[in-house]
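Worksheet: the structure to be examined is printed underneath.
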Amino acid sequence: MKRFIYLLSTRPDIMGSKDEALGLHGTFVPNKSQSIHRWYPYVEGFSNEFVSSLLNEFAIKGQTVYDPFAGTGTTVCVAQNLGMKSVYSEINPFMRLVIEAKTNHANNVITDIESMSEYFERVTSHATSHPISQKSAIQLQTKAFGKSEIFSGKDLIEIISIKESLAELNPDNESFKAIADMALGSIAVGSSNMIRRADLRKRKAKEFNLPNYSVIDCFKEKLNQILNDLRELTITKEDFRPKLLGNSALVSHGEDMVDVVLTSPPYVNGTNYFRNTKIELWLTGFIQSTNDLRDLRDKAMAAGINSVSKRGRAASKIKSVEDIATKIDAIVVENGKDKRVPELIRRYFSDTILWLENSYRLLKEGGKIIVDIGDSYFYNIHVPADRLLLEIAESVGFRHIETRYVRDRHSNNGKPLKQVLHIMSK
Ligand SMILES: C[S@@+](CC[C@H](N)C(=O)[O-])C[C@H]1O[C@@H](n2cnc3c(N)ncnc32)[C@H](O)[C@@H]1O
């Protein structure tokens, strides 16, 4: 039976139908105006309310919640606020910085906000009084991004001057710097010649910032927003602060320690989470150039066409996945299409076995897992990721409780798709 849920999550990396009553609560949009959640603007996130309603239904105070694909940390932030313990994994180091800034670093600075404010002041004054030369700024950008002009003119000089000031001025409390780094990442795309829609792309003529846009002013505003949010925050007890279990959800991190798993794994749809955060990753020092993205991509779940390379993990064979992948193989051969597509399908579901097995191991007996998942089309062949995930979960040992229908979506060529929540138990 279909049961609809009204506090929707959103995965705008896949288009939803235009007439559905998504409303603001169904998107990450409410998070953008909410204390702490607004620090880093995210596209592929759950809404805070969506996670709250699920955690209130499936977990109780004091229990432990795990999000294997933590993203911007909505699950762990909400769990912390509800008095639950939480653990997470997240492969993207910049996203881990965002999660840690919003939780553990925030807690570390609560009693010393005025010293952090003075440090922020020193960083912005230093960036203003010691601008990098235009020549050096262009060299640094070219070393990182080749010919792509990510930032131009004054914006390039200002953003690199902030990056250099952060590298030069070391505060006593390392959480001050972590939060300031996160703030720099947070204003990165907005200060660049790129724009994030579903994916990162170049701005069109009418999308550029006004000529009086100032990167340093924008950075100051972000820092003030953070300081204001922190002044309202109360300290979280050590027990309820989120803990990183390990970077990758594809690697085992223990057993029998979690009551509820709540997650939205990457969909099999081509979102390249690393390419989308390459500017943030560079500004915060996690990559030196786009060449370094490759190593990160290899460790991530195979979900986009760019994650299919010779170096990747070999895929385990799954009968029902083969039924679909071989149909796509035939189209690839007949029509000279991209042969990485059927390989992506195979690897995606093979990785699905890994993270579901790990989640099963981590869950206590009777524990619940709630997975947000959607289907896809490739070359007009339907890839029922929701059905396949359920089948794999059952083969791993999970018992299906129910599936809730979240919303209609549609593929790029207008075919109907959906987003569902599978609820299962160990
Ligand atoms: C759909 S997003 C999750 C968004 C999250 N629910 C939120 O509200 O912010 C999926 C996340 O999975 C992460 N990811 C991909 N492969 C991973 C892996 N092997 N281990 C852990 N995280 C991974 C991506 O970096 C991305 O942040």
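The values are calculated or read from the model by the stated rules, or taken from the named source; none is laboratory data. On a predicted model such as this, the values are computed, not experimentally measured, just so you know. Cβ placement follows ideal geometry from the backbone for every residue including glycine, while neighbour counts extend to all protein chains displayed.
Quick notes
- Scan of segment 230-264 for residues that are outside any loop (DSSP other than H, G, I, E, B) and either of a type outside the set (A, V, I, L, M) or near the ligand (Cβ under 10 Å from one of its atoms) (or both), ordered by number: R231, E238, D239, F240, K243, D259, L262, T263
- The listed residue being under 23 Å from Y379 (Cα atoms), touching a residue at least 40 places away in the same chain (Cβ under 8 Å), buried (at least 22 other Cβ atoms within 10 Å of the Cβ) and more than 24 Å from the chain's Cα centre (by Cα), out of I345, I328: I328
- Filter pass, S53 being at pLDDT 55 or above, surrounded by fewer than 21 Cβ atoms within 10 Å (Cβ to Cβ) and away from the ligand (no atom under 12 Å from the Cβ): yes
- Index of the failed condition, D295 passing every other in (1) within 20 Å of the chain's Cα centre (by Cα); (2) more than 29 Å from Y42 (Cα to Cα); (3) not small (G, A, S): (2)
- Subset of segment 309-332 [modelled with pLDDT of 95 or more and among the charged types (D, E, K, R)]: K319, E322, D323, K327, D329
- Whichever residue in segment 32-43 is part of a loop (DSSP other than H, G, I, E, B) and out of contact with any Pro (no Cβ under 7 Å at 6 or more places or on another chain) and, among such residues, is nearest to the ligand (Cβ to nearest atom): Y42
- Here L356 clears all of (1) under 26 Å from A178 (Cβ atoms); (2) within 16 Å of the ligand (Cβ to nearest atom); (3) modelled with pLDDT of 95 or more except the condition numbered (1).
- Within segment 61-79, the set of residues being crowded, with 24+ Cβ neighbours inside 10 Å and either part of a strand (DSSP E or B) or away from the ligand (no atom under 13 Å from the Cβ) (or both) comprises V65, Y66, D67.
- Condition check for F58: more than 10 Å from the ligand (Cβ to nearest atom) and closer than 25 Å to Y267 by Cα: yes
- Restricted to segment 315-426, the set of helices (runs of 4 or more DSSP H) holding at least 2 residues that are of a type in the set (K, R) comprises 319-335, 340-362.
- In segment 300-325, of all residues being away from the ligand (no atom under 16 Å from the Cβ) and β-branched (V, I, T), the one that is surrounded by the most Cβ atoms within 10 Å (Cβ to Cβ) corresponds to V321.
- Listed by first and then second residue, the pairs with beta-carbon distance under 8 Å, at least 6 apart or on different chains, first residue in segment 67-78 and within 17 Å of E238 (Cα to Cα), second near the ligand (Cβ under 7 Å from one of its atoms) and assigned to a loop (DSSP other than H, G, I, E, B), are V76/A70.
- Matching residues, segment 138-193, being in contact with a strand residue (DSSP E or B) (Cβ under 7 Å, 6 or more places away or on another chain) and more than 28 Å from N104 (Cβ to Cβ): I150, N193
- Across segment 265-276, the qualifying residues are those that are at pLDDT below 95 and either outside any helix (DSSP H, G or I) or more than 10 Å from the ligand (Cβ to nearest atom) (or both), and the one among them that is surrounded by the fewest Cβ atoms within 10 Å (Cβ to Cβ) is R275.
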